[in-house]
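Engineer: Encoded as structure tokens, here's the structure I'll be asking about.
The values are calculated or read from the model by the stated rules, or taken from the named source; none is laboratory data. None of the values given here were measured: they were computed from a predicted structure. Ideal geometry is used to build each Cβ from the backbone, glycine not excepted, and the neighbour counts take in all protein chains shown.
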Ligand code: NCD
């Protein structure tokens, strides 16, 4: 296993063998999870703290399950119950976590860069579970694993990431991971929601679903992240759906065996039609959630190996 760092803060900077090894390990956890033989003692005696400054259902639960399946003691700290609400700074929180001898720290924060700052102040290995509009590395890993299971590879695939790219840390991590692994990545959305950095990342930008989806192997839909928008960057939800919402008519532009993905939470009828989200053969949204647990087990496993070396 070639993982070069103590933390997992971003996909940017990882090289193909690091990503491939993580995906291979995650695949073995996916098989183990399906076999039902999941309780292991790899992280026995280790403390994993889920520190969530933003709401989350699936990511927090997924890390909790991953930690428990590997035998760690898992503690969930959310802002509403912690003293952060009473004005404690991020750095005070860090010294509290150090005093608790936390080994693995999973952080979600509204500010880009917060997990990185914490990683400089805590003894634990830090995993970024989503920071502002920056990155969400484990989401990109689980997306890649889901794609690989269906298409057998990442290299050469046409992947269309559609909707609110500008505010999406999921899109940013996916652009880094997929271009690093040799996929041909497109971003599709209204000009106001396509970031200027797309070209720098080697990604092609489209403002029209027909052209953007033509020949795509993978269609990844994203939520309109209104909480991160300043002012009216999009028209009404109805109008957005008309131009950019994925329905059967627009999906027909992509390859007939293309798969449909969404990181959740979905806004049905805004970026995706219910019939497509629930499509029995084309939608892999449920499998993304399943692969999320396997990928997080792989990440916890690899980072814990680094901790053991440091003991
Ligand atoms: C994403 C996130 O939080 O960045 N959700 C997730 O982790 N499953 C996407 C989103 O909030 O739209």
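Engineer: Scan region 93-115 and report the pairs whose first residue is farther than 17 Å from residue 9 by Cβ and whose second residue is more than 16 Å from the ligand (Cβ to nearest atom) and assigned to a loop (DSSP other than H, G, I, E, B), with Cβ atoms within less than 7 Å and a gap of 6+ or a chain change.
Structural biologist: Every condition considered, the pairs that remain are 98/122; 98/123.
Engineer: From 189, 212, which residue is modelled with pLDDT of 95 or more, surrounded by 19 or more Cβ atoms within 10 Å (Cβ to Cβ) and over 19 Å from residue 283 (Cα atoms)?
Structural biologist: Result: 189 is the single residue among 189, 212 that is modelled with pLDDT of 95 or more, surrounded by 19 or more Cβ atoms within 10 Å (Cβ to Cβ) and over 19 Å from residue 283 (Cα atoms).
Engineer: For residue 215, which of the numbered conditions (1) more than 13 Å from the ligand (Cβ to nearest atom); (2) closer than 26 Å to residue 157 by Cα; (3) within 23 Å of the chain's Cα centre (by Cα) fails to hold?
Structural biologist: (3)
Engineer: Also, quick follow-up: For residues that are in a loop (DSSP other than H, G, I, E, B) and away from the ligand (no atom under 16 Å from the Cβ), scanning just region 102-144, find the one that is surrounded by the most Cβ atoms within 10 Å (Cβ to Cβ).
Structural biologist: By that ranking, first place goes to 124.
Engineer: Only one residue in 161, 147 is in a helix (DSSP H, G or I) and either under 20 Å from residue 203 (Cβ atoms) or free of Cβ contacts under 8 Å to residues at least 12 places away in the same chain (or both). Which one?
Structural biologist: Result of the check over 161, 147: 147.
Engineer: Separate question: Quick check: is even one residue across region 192-211 within 16 Å of the ligand (Cβ to nearest atom), in a helix (DSSP H, G or I) and more than 30 Å from residue 21 (Cβ to Cβ)?
Structural biologist: There is at least one residue in region 192-211 that is within 16 Å of the ligand (Cβ to nearest atom), in a helix (DSSP H, G or I) and more than 30 Å from residue 21 (Cβ to Cβ).
Engineer: Please verify whether region 168-182 includes one or more residues that are within 16 Å of the ligand (Cβ to nearest atom), buried (at least 24 other Cβ atoms within 10 Å of the Cβ), more than 25 Å from residue 52 (Cα to Cα) and in contact (Cβ under 8 Å) with a residue 24 or more places away in the chain.
Structural biologist: no
Engineer: In addition: Please specify each residue of region 229-246 satisfying the condition of being touching a strand residue (DSSP E or B) at 6+ places or on another chain (Cβ under 8 Å) and either more than 16 Å from the ligand (Cβ to nearest atom) or part of a loop (DSSP other than H, G, I, E, B) (or both).
Structural biologist: Residue satisfying the conditions is 245 alone.
Engineer: Taking the criterion of being more than 19 Å from residue 17 (Cβ to Cβ), within 14 Å of the ligand (Cβ to nearest atom) and crowded, with 22+ Cβ neighbours inside 10 Å, would at least one residue in region 147-159 satisfy it?
Structural biologist: no
Engineer: Are there any pairs, at least 6 apart or on different chains, whose C-beta atoms fall under 9 Å, with the first in region 257-282 and touching a residue at least 12 places away in the same chain (Cβ under 8 Å) and closer than 16 Å to residue 224 by Cβ and the second in a loop (DSSP other than H, G, I, E, B) and away from the ligand (no atom under 16 Å from the Cβ), and if so, which?
Structural biologist: Between residues of region 257-282 that are touching a residue at least 12 places away in the same chain (Cβ under 8 Å) and closer than 16 Å to residue 224 by Cβ and residues that are in a loop (DSSP other than H, G, I, E, B) and away from the ligand (no atom under 16 Å from the Cβ), the close pairs are 272/247; 273/247.
Engineer: Of all residues in region 25-82, which are in contact (Cβ under 8 Å) with a residue 60 or more places away in the chain, within 16 Å of the ligand (Cβ to nearest atom), part of a loop (DSSP other than H, G, I, E, B) and surrounded by 15 or more Cβ atoms within 10 Å (Cβ to Cβ)?
Structural biologist: The answer is 53, 54, 56.
Engineer: Also, I was wondering about something else. Of all residues in region 249-288 being within 16 Å of the ligand (Cβ to nearest atom), part of a helix (DSSP H, G or I) and crowded, with 16+ Cβ neighbours inside 10 Å, which is farthest from the chain's Cα centre (by Cα)?
Structural biologist: Looking at the filtered set, the residue picked out is 277.
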